[in-house]
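See below for the structure under consideration.
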Protein chains: 2
Amino acid sequence: MHYFVTGGAGFIGSNMADRLLQCGHRVTVYDNFVTGHREYLEDAMKSGSFTLAEGALEEEDKLAQAMKGADFVFHFAANADVRMGLSHPRKDLEQNTINTYRVLEAMRANGIKRIGFSSTGSIYGEAEVIPTPEDAPIPVQTSLYGASKMACEGLIEAYAEGFGFQGYIFRFVSILGERYPHGHVIDFYRKLKADPHKMEVLGDGHQKKSYLYVGDCLDAILTVTEKCREKVNIFNLGTDEYCEVNDSIGWITERLGYDPELAYTGGDRGWVGDNPFIYLDTQKIRSLGWKPKLTIREAVERTVDYIKENEWLLEAAK
Amino acid sequence: MHYFVTGGAGFIGSNMADRLLQCGHRVTVYDNFVTGHREYLEDAMKSGSFTLAEGALEEEDKLAQAMKGADFVFHFAANADVRMGLSHPRKDLEQNTINTYRVLEAMRANGIKRIGFSSTGSIYGEAEVIPTPEDAPIPVQTSLYGASKMACEGLIEAYAEGFGFQGYIFRFVSILGERYPHGHVIDFYRKLKADPHKMEVLGDGHQKKSYLYVGDCLDAILTVTEKCREKVNIFNLGTDEYCEVNDSIGWITERLGYDPELAYTGGDRGWVGDNPFIYLDTQKIRSLGWKPKLTIREAVERTVDYIKENEWLLEAAK
């Protein structure tokens, strides 16, 4: 198979590229390197089955050209910064919704019909049912990020119905692991490097969070794309576990050998639009035989270890 | 109150403008007259409380300028042609999703926080629960139109959460009545004028449809905007009735005094992405004391009568 991976120089995209190459597939990565890193593709570049196409999704002709000959598109490129939606509302619309439309059109131009898409548990807003199943009641969106990802899902579904596409939609919890580029672990790591004795924590520290290790995430995605053949296949990806921000802080500081005094900003969420709790029902993906190999604690610790070995990320991710 | 009505020269928008003026409000209509009609504003133009602002939503500065001083925005401007989505997939994205974002941004620039929005029962896709309640399981979109309207809902909700907006979202069945500009009644009317003896019907004629009279639709909207004060207020608007396409054909031909032979194209839907059955649970809006005054048959007959008196529409709506 020849896979085309948008955002292939990003966190999940580059891990997926490596995995697909390991499985003997041909891979084309498409990335504009605005948030992606060339360092993430060092292994892939050594493979004869790998092609790097540098470009933005906004460059519609280039995108369609680069996609030629692919059998399957993993569309991971996105504005993944959930927190900043309110300071530039156009960004989620353009980089998520409109760019997903551009990917679908490039596929249509090339006669490619299978797409895997990284959606998010944020589409559930403040879910009434927890753990939240895929067929939860229609949610009210609470962030521009969630709203834009929900819009992408709808586009993919409409293309599936109208143009005979096959859509694989994955609603992730937050993902941790190698090449993790931004989020709470790197934020805390950076703060601790600046001052190992005192650390500010957004919210009250009791915000509950669920995380999944990137390797487990890839296993889940490939299990679904291999086994499922519906027109539209929607799966929550997460673990059965959750933790509090305070747990995670404990694991991080212990791993780094620090014991900082914590200063909480207060309130039950870190920022406007932050979900107090995203915890997904993962029965559907588990019914396919998948289960995560790592606990949340192990995923956090691997992430800390990875950042330690790649401190260049602290600058790059600013 | 000063209301700003996008698509105010359209079917529902112009009826709303007249109604608001009758209630003593100030009204600004914003329309680009691509599908709107100046004829629809003849009554409104006579009022001293009425302002017409001609412009496209794409003209962001003009839009923000025209909106100045308004208290409430009814956003009715949209690509409402559900059937043609597949021939120009960009249209629903641009005219619905992106333009709704533009309306929200113009509101934000002006400090206006209340918005009423015409969504659609099409967002339920092929609903599993019928009649379909507002909190049905997250649907899989089956049309670009439905997908785009769902995306608009998400944007409004995210603005409500993030920017303190108040959103009123109405999921309509098809609306009938005075100024009805396109859809099955006008299609059949046109066909019957061309050949009163024989008429082609898309599908098998057993497609079930539910319709609501435009006057009842306005009553419902204004009941909600008056009584409800949640951050996000979502209401299905429809009747407890439904009919088959064949029923509607019978009422139309009887009203016109024709008795054509019917030729069915076959299949259980009129076009790809057509829902075989949109039938909404309207308990929520009924709980506010609203109920429709007209039956579907009466709504169809009023529409036929209106077209008869306004045959210029047959040309204009082509």
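The values are calculated or read from the model by the stated rules, or taken from the named source; none is laboratory data. No experiment lies behind these values; they were computed from the predicted model shown. Methodologically, a virtual Cβ is constructed for each residue, glycine included, from the backbone with ideal geometry; neighbour enumeration extends over all protein chains shown. All accessible areas refer to the heavy atoms of the entire protein, side chains included, with ligands and DNA or RNA removed. Shrake-Rupley method; radii C 1.70, N 1.55, O 1.52, S 1.80 Å.
Report the accessible surface area buried between chains A and B, summing both sides, using a 1.4 Å probe on protein heavy atoms only, in Å² rounded to the nearest 100.
Interface between A and B: roughly 3100 Å².
Just need log10 I(q)/I(0) for the stretch B:200-318 at q = 0.13, 0.21 Å⁻¹, Debye formula, equal scatterers on the alpha-carbon atoms, no solvent, rounded to two decimals.
-0.65, -1.23
Assuming a ≥ b ≥ c are the square roots of the Cα gyration tensor eigenvalues, decide whether the stretch A:87-143 counts as rounded (a/c under 1.5), prolate (otherwise, with a/b larger than b/c) or oblate.
Oblate.
Label residue B:91 and residue A:293 with points 7 Å out from Cα along Cα→Cβ: what is the distance between them in nm?
Modelled inter-label distance: 5.1 nm.
For the stretch B:1-50, state the semi-axes of the equivalent ellipsoid (square roots of 5 times the eigenvalues of the alpha-carbon gyration tensor), sorted largest first and rounded to whole angstrom.
Here the semi-axes work out to 16, 10, 8 Å.
Please list A:81, B:31 in order of solvent-accessible area, largest first, computed with a 1.4 Å probe with all protein chains present.
Output order, biggest surface exposure first: A:81, B:31.
Per Stokes-Einstein, at 4 °C and 1.567 mPa s, what whole-number D in µm² s⁻¹ belongs to the stretch B:1-103, with the Kirkwood radius over Cα pairs as the hydrodynamic radius?
In µm²/s, the coefficient is 94.
In Å², and per residue, what accessible area does the stretch A:70-214 have when probed at 1.4 Å with the other protein chains present?
Using a 1.4 Å probe on heavy atoms only, each residue of the stretch A:70-214 averages 30 Å².
Along the three principal axes, how long is the stretch A:64-170 when you take its alpha carbons, biggest first, rounded to the nearest angstrom?
Taking max minus min along each principal axis of the Cα atoms, the stretch A:64-170 gives 42, 31, 18 Å.
Could you please point out the chain B residue with its Cβ nearest to the axis of the rotation taking chain B onto chain A, and the distance in whole angstrom?
For chain B, the closest residue to the axis carrying it onto A is B:151, 2.
Just from the alpha-carbon atoms, what are the Rg and Dmax of the stretch A:147-237 in angstroms?
In Å, with Rg to one decimal and Dmax whole: 18.0, 58.
Using the beta-carbon distance between residue B:42 and residue B:316 and R0 = 22 Å, what value does 1/(1 + (r/R0)^6) give for FRET efficiency, to the nearest 0.05?
0.95
With θ set to phi - 60°, apply the Karplus curve 6.51 cos²θ - 1.76 cosθ + 1.60 along the stretch A:215-222 and write out the HN-Hα couplings as whole Hz, x wherever there is a Gly or Pro.
Per-residue couplings from phi come out as x, 5, 4, 5, 3, 5, 4, 6 Hz.
Just to check I understand the Karplus step: with θ = phi - 60° and J = 6.51 cos²θ - 1.76 cosθ + 1.60, what whole-Hz values come out for the stretch A:38-50, glycine and proline as x?
Using θ = phi - 60°, the values come out as 4, 4, 5, 9, 4, 5, 4, 4, 7, 8, x, 8, 10 Hz.
What are the residues whose amide H is under 5 Å from the amide H of residue A:116, where those residues sit 5 or more places off or on another chain and H is modelled from the backbone?
A:73, A:74, A:75, A:168
I need the phi-derived Karplus couplings for the stretch A:301-309: 6.51 cos²θ - 1.76 cosθ + 1.60, θ = phi - 60°, integer Hz, Gly and Pro marked x.
5, 4, 5, 4, 4, 5, 5, 3, 7
With each run of n ≥ 4 DSSP H residues scored as -39500 (n - 2.57), what mean residue ellipticity at 222 nm is computed for the protein assembly as shown after dividing by its residue count and rounding to the nearest 500 deg cm²/dmol?
Rounded to the nearest 500, the figure is -11000 deg cm²/dmol.
What residues qualify as long-range amide H neighbours of residue B:234, i.e. H under 5 Å apart, gap of 5 or more or another chain, H built at 1.01 Å from N?
Close amide H contacts, sequence-distant or interchain: B:169.
At each listed q (0.05, 0.08, 0.09, 0.12 Å⁻¹), what is the log10 of I(q)/I(0) that the Debye formula gives for the protein assembly as shown modelled as equal alpha-carbon point scatterers?
So the normalised log intensities are -0.25, -0.62, -0.77, -1.24.
In a GNM of chain A with a 10 Å cut-off on Cα contacts, which of A:225, A:132, A:265 has the highest mean-square fluctuation?
Of A:225, A:132, A:265, the most mobile in the Gaussian network model is A:265.
Test of understanding: express the Cα radius of gyration of chain B as a ratio to 2.2 N^0.38 Å, with N the residue count.
Against the empirical 2.2 N^0.38 Å value, I get 0.96 for chain B.
Considering only Cα-Cα distances, which of the following residue pairs are longer than 23 Å: B:46/B:91; A:227/A:284; A:46/A:308; A:91/B:149?
From B:46/B:91; A:227/A:284; A:46/A:308; A:91/B:149, over 23 Å: B:46/B:91; A:46/A:308.
Below 9 angstrom from the Cβ of residue A:2, what's the summed charge of the other residues (Lys, Arg +1; Asp, Glu -1)?
Computed value for this residue: 0.
How much of the accessible area of the protein assembly as shown, probe 1.4 Å, is carbon plus sulfur, in whole percent?
47
At a probe radius of 1.4 Å, what is the per-residue accessible area of residue B:142, in Å² to the nearest 10?
Result for residue B:142: roughly 10 Å² accessible.
With every protein chain left in place and a probe of 1.4 Å, what is the accessible surface of residue B:226, to the nearest 10 Å²?
140
So what's the net charge close to residue A:263: Lys and Arg +1, Asp and Glu -1, counting the other residues with Cβ under 11 Å from its Cβ?
After counting each charged neighbour, the total is -1.
What accessible surface, in Å², does a 1.4 Å probe find on residue A:108, ignoring ligands, DNA and RNA and rounding to the nearest 10?
90
Skipping prolines and chain starts, which residues have an amide H placed within reach, meaning under 5 Å, of the one on residue A:136, given they are 5 or more residues away or on another chain?
B:138
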